[in-house]
Amino acid sequence: MELLLAIFLVVLTVFVVGAFYCEHPKAEIPPGFIDRKKIYIFHYIMNFGFGLAKFLEKIGITSEVHVLRTAMDGIPPLKDNNLLIKDLSFDKIKVRIYQPKTPTTGRRRGVLYFHGGVGRFGSIRAYERTCRYFTKKSNSVFVSVGYRLAPEYPYPTQFEDCLAATVHFMKIAEDYGVDPARVIVCGDSSGGTIAAAVAQAMTNRKDLPKLRAQILIYPFLQAASFNLPSYEQNRGVPVLLKKRTLILGLKYLNKEESVLDAVLKGAHVPRDLDLKCKEWLNPDNIPEDFKSRDYQVKGVYQEKQYSEDLCRQAKPILDPIFSPLLAEDSVIAQLPETFLLSCEFDVLRDDVLLYKKRLEDHGIKVTWCHLEQGFHGIIFLANYGRLASFKTANKGLQMIADFLKSI
């Protein structure tokens, strides 16, 4: 019996280590990044998790997505006596409401928070610390939206749930001491994508007050070009590697990974949209300061091989719900005041820079926070203690809190 157990453990170890190395692209940490050792460790842990998840699914123990969801949920924090926290449902959508217990003379601002996780993982529990932090720092009412996840609930269910929760909350905001004219949508990573899409959808609502603001924390904003400077410079920087970004996006949309290389080359962008991308995604719109580190222009505006079949298959990833940066000018011009956070060492950095320009070109007031030592996910990690957090995140946390208090 002991021999069989030993053999099993050896085989298990070999498979897990093998899975780890299959999921272990080499980290390319650019010169100038201060916490190099910490981000390397984080990179190894992430890749081990992805490898283990694939292995456990392959041998039939559990699904890859379940493992990743469990890992992201983490350990919940202890009770906070300074907050009133309630679990409710808005039109059958799970939400958790955070209200400060401190008295206030007037109505508070309300914030709907949409968590990250590429539409497939992440949860109210995973973002408990984040929502508690901002609730207390800004004296706001936060609503963390537990939208349904893919693949069980296919895209665009996630957007639809968040839009429905936003509309519901705006109708009953006064019940929670919130001024309906001071409602904000906020999200990080893919949650930032959803927040941007919800803000765009709300521009057409005549039955509700306008959103007061949107807060987009290193959001994914377009799937037309994966050759912008930040994608080239940060292609191997943890945690959001260039190819991993697209692979996760394709899984979210239930598309085959076989189209990966063609999409990376831009063959999925139809000619009519490509004309607009020459304007909206032109690297010339990105300040020269961000084009160092040996970037070579390959822009989306250059001639390329089109595939009509691929264009049909890839149509959902170019829809403004998935790619808010590709919304028409008439929509962009109606958006509310905006806070944008970008990170220097993030493939999505230039999505933020290009969206900033489009907003400002249409007269939208933008507050921009750029973390020169930041990477994708740094705000999520900030509230998990000294071992997981990075010092530069403090600037982002403070600027978000200050922006909220200014609303």
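Observations on the structure shown:
- Looking only at segment 242-260, and only at residues there that are of a type outside the set (D, E, K, R) and assigned to a loop (DSSP other than H, G, I, E, B), the one that is nearest to the chain's Cα centre (by Cα): Leu253
- Leu318 buried (at least 21 other Cβ atoms within 10 Å of the Cβ) and either hydrophobic (A, V, I, L, M, F, W, C) or in contact with a Cys (Cβ under 6 Å, 6 or more places away or on another chain) (or both): no
- Considering residues of segment 364-407 that are among the aromatic types (Phe, Trp, Tyr) and farther than 17 Å from Ile286 by Cβ only, the residue surrounded by the fewest Cβ atoms within 10 Å (Cβ to Cβ): Tyr384
- Residue within segment 205-221 that is under 16 Å from the mean Cα position of the chain (by Cα), assigned by TED's automatic domain parsing to the domain that holds Glu372 and over 30 Å from Gln99 (Cβ atoms) present: yes
- Residue selected from segment 73-103 under the condition among the polar types (S, T, N, Q) and surrounded by 10 or more Cβ atoms within 10 Å (Cβ to Cβ), by the criterion farthest from the chain's Cα centre (by Cα): Asn82
- Residue that is buried (at least 20 other Cβ atoms within 10 Å of the Cβ), acidic (Asp, Glu) and within 18 Å of Pro324 (Cα to Cα), where the choices are Asp361, Asp350: Asp350
- Among residues of segment 116-132, those that are more than 20 Å from Phe220 (Cβ to Cβ) and touching a helix residue (DSSP H, G or I) at 6+ places or on another chain (Cβ under 7 Å), counted: 1
- Qualifying residue in segment 61-72 (condition: at pLDDT below 90 and either within 30 Å of Gln373 (Cβ to Cβ) or not assigned by TED's automatic domain parsing to the domain that holds Ala388 (or both)): no
- First in segment 186-204 and free of Cβ contacts under 8 Å to residues at least 12 places away in the same chain, second anywhere and of a type in the set (Val, Ile, Thr) and surrounded by fewer than 24 Cβ atoms within 10 Å (Cβ to Cβ), Cβ under 9 Å, 6 or more apart: Asn204/Val331
- Residue within segment 350-359 that is of a type outside the set (D, E, K, R), touching a helix residue (DSSP H, G or I) at 6+ places or on another chain (Cβ under 8 Å) and free of Cβ contacts under 8 Å to residues at least 40 places away in the same chain present: yes
- The numbered conditions (1) closer than 30 Å to Glu160 by Cβ; (2) in the same structural domain as Lys251 (by TED's automatic domain parsing); (3) out of contact with any Gly (no Cβ under 7 Å at 6 or more places or on another chain) are all true for Lys94 except (3).
- Glu279 vs. criteria in a loop (DSSP other than H, G, I, E, B), surrounded by fewer than 16 Cβ atoms within 10 Å (Cβ to Cβ) and at pLDDT below 95: no
- Single residue of Val239, Val263 found to be more than 30 Å from Ala164 (Cα to Cα) and in a helix (DSSP H, G or I): Val263
The values are calculated or read from the model by the stated rules, or taken from the named source; none is laboratory data. Please read all numbers here as calculations on a predicted model, not as lab measurements. Virtual Cβ from ideal backbone geometry, glycine too; neighbours counted across all protein chains shown.
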